[in-house]
Amino acid sequence: MNSKLKPPQVKEIAPTIGGLCWSALLTQHFEQYIRGVIGDKVFDRLQPRSKDRIMHCWEEVVMIQFPRRNIDWGYFVEVPKVPDSPDMNIEDGCHIMGHDEFKKIFDPVVDRMISLLKQQVTCVRDRGDDISAIVLYGEFISKCYYLRKRLESVDYESGKSILVLLVPNELAERSCED
């Protein structure tokens, strides 16, 4: 073991910007999308349990998985009590969402997050500090495949790569207690 190596230091060097719950923004965009598909009147007439099933399917399964599976025909979102409609891609209580529909929901939110991260990196560099990693925490952030892939591809215009670590809340809270 080389005794000259120092462990990396983790410290906050840029102020937190936004304080946003990214999954909540995606859920808002999804609700707008699904209302556009089935109509506001149909959505508003659904029983609370049916609305909960739609949102649970989105939040706990579909939103996290996108686009982990390479599926040309789409992703299934439960829409209980909504009648079948080929025009709305609804069959047997499921709405089939295509890749493009997902991107329309995700991209504005992820683009906003990337913009905020770039602002923070610029702020740090303008002060003359070096940055080698960005640590983001949250349950959604740590699980969302699409977000991870997008963040890994960001060019921070530094000439060197910046590692992006996505940490679940539980792990971040434990490290703060130590």
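The values are calculated or read from the model by the stated rules, or taken from the named source; none is laboratory data. This is a predicted model, so every value here is computed, not measured. Neighbour counts are summed over all protein chains in view; Cβ atoms, including those assigned to glycine, are modelled from backbone coordinates with ideal geometry. Side chains are part of the model used for accessible areas, which takes the heavy atoms of the whole protein and leaves out ligands, DNA and RNA. Shrake-Rupley method; radii C 1.70, N 1.55, O 1.52, S 1.80 Å.
Numbers for the structure displayed
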read-out	value
Residue within the stretch 76-94 that is modelled with pLDDT under 90 and either assigned to a helix (DSSP H, G or I) or open to solvent by less than 80 Å² (accessible area, probe 1.4 Å) (or both) present	no
Residues of the stretch 104-143 classified as open to solvent by less than 70 Å² (accessible area, probe 1.4 Å) and under 17 Å from the mean Cα position of the chain (by Cα), total	17
Close pairs (6 angstrom Cβ cut-off, 6 or more residues apart or separate chains): part of a helix (DSSP H, G or I) in the stretch 53-66, of a type in the set (Phe, Trp, Tyr) and open to solvent by less than 70 Å² (accessible area, probe 1.4 Å) anywhere	TRP58/PHE30; VAL62/TYR75
